[in-house]
Amino acid sequence: MKKKDYIEVGNPHRLLTPGPVLLITAGDGSEDNIFSVAWSTPLRKEPPMAAILSGKGHYTYRLIRKTGEFGINIPDLSMAEAVIYCGRNSGRDVDDKFAGAGLSRIPASRISAPLVAEAAARIECRISQVVDMGYSSLLIASLLRTEVRKDYYSEDRWDFNDGLKLIHHLGGSRFAVSGSDLEVD
């Protein structure tokens with residue numbers, strides 16, 4: 001086998017976080033907002049838990065801390081422009097980020113935050129722990145309710161056979177797209 005060349009990189013997180021981009025929703029019934037997150041991770045299967053990283057200065061962070069809840073909305077490729085819009089615009093400066101991004105709100109079942117109607121999957125979350133990381137906080141949450149588009153899910157996992165394409169943030173305006181799976185025996 002030919003020896004491969006390697007380079008040292010200064011942003012190791014870029015190698016570890018090409019998971020699907022998320023749209024995080026928060027609200028208290030009278031006010032809501034949405035923002036894009038690339039840093040997230042599942043933590044436990046039972047009971048189901050996950051974590052997202054949020055800057056403390058984000059407009060939505062205040063709503064999450066106020067309610068102790070948020071929605072995880074997993075977009076597909078058709079929502080790429082909405083993801084960029086929600087990541088580049090603050091709720092402080094935009095009257096309605098949902099409308100600006102061309103997204104529709106739907107009510108959640110177990111949290112006060114709205115969810116995104118167009119998302120490939122939606123997860124309702126309640127904060128169980130906040131880890132202070134200086135400028136940002138790691139928000140650890142219990143996953144209360146999860147729903148996914150039927151045509152995008154089978155055999156207890158994502159199903160790419162009907163055209164599902166998830167987007168993964170690579171940095172800046174660059175994304176990768178996943179659109180197939182591989183089974184290795």
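Details
- Residue, nearest to Ser178 (Cα to Cα), within segment 111-130, restricted to residues that are touching a residue at least 60 places away in the same chain (Cβ under 8 Å) and touching a Leu at 6+ places or on another chain (Cβ under 8 Å): Ala119
- Residues in segment 111-140 that are charged (D, E, K, R) and more than 12 Å from Phe70 (Cβ to Cβ): 2 in all.
- Selected residue (criterion: modelled with the highest pLDDT) from residues of segment 29-50 that are aliphatic (A, V, I, L, M) and closer than 17 Å to Ile111 by Cα: Ile34
- For segment 16-28, filtering for residues that are at pLDDT 90 or above and either surrounded by fewer than 18 Cβ atoms within 10 Å (Cβ to Cβ) or hydroxyl-bearing (Ser, Thr, Tyr) (or both) leaves 2.
- Scanning segment 70-97 for residues that are basic (Lys, Arg) and outside any helix (DSSP H, G or I) yields a single hit, Arg92.
- Any pair with Cβ under 6 angstrom, 6 or more apart, that starts in segment 62-73 at a residue that is within 9 Å of Thr25 (Cβ to Cβ) and ends at one that is of a type outside the set (Lys, Arg) and in a helix (DSSP H, G or I): Phe70/Ile64
- Selected residue (criterion: surrounded by the fewest Cβ atoms within 10 Å (Cβ to Cβ)) from residues of segment 143-175 that are more than 18 Å from Ile72 (Cβ to Cβ), free of Cβ contacts under 8 Å to residues at least 24 places away in the same chain and in contact with a helix residue (DSSP H, G or I) (Cβ under 7 Å, 6 or more places away or on another chain): Asp162
- Verdict on Tyr59 being of a type in the set (Phe, Trp, Tyr) and at pLDDT 90 or above: yes
- Taking segment 118-140 as the range and being within 30 Å of Leu164 (Cα to Cα) and either more than 13 Å from the chain's Cα centre (by Cα) or of a type in the set (Phe, Trp, Tyr) (or both) as the test, the residues that pass are Glu118, Arg126, Ile127, Leu138, Ile140.
- Scan segment 40-53 for residues that are in contact (Cβ under 8 Å) with a residue 24 or more places away in the chain and within 11 Å of the chain's Cα centre (by Cα) and the total you get is 5.
- Matching residues in segment 132-154 - criterion: being over 20 Å from Pro107 (Cβ atoms) and assigned to a strand (DSSP E or B): Asp132, Ser136, Ser137, Leu138, Leu139, Ile140, Tyr153, Ser154
- The condition of being surrounded by fewer than 22 Cβ atoms within 10 Å (Cβ to Cβ), charged (D, E, K, R), within 15 Å of the chain's Cα centre (by Cα) and at pLDDT 95 or above does not hold for Arg105.
- Any chance Leu53 is outside any loop (DSSP other than H, G, I, E, B), aliphatic (A, V, I, L, M), at pLDDT 90 or above and touching a Cys at 6+ places or on another chain (Cβ under 7 Å): no
The values are calculated or read from the model by the stated rules, or taken from the named source; none is laboratory data. Here the structure is a predicted model, which means the values were calculated and not measured. Neighbour counts run over all protein chains shown; Cβ positions are idealised from the backbone, glycine included.
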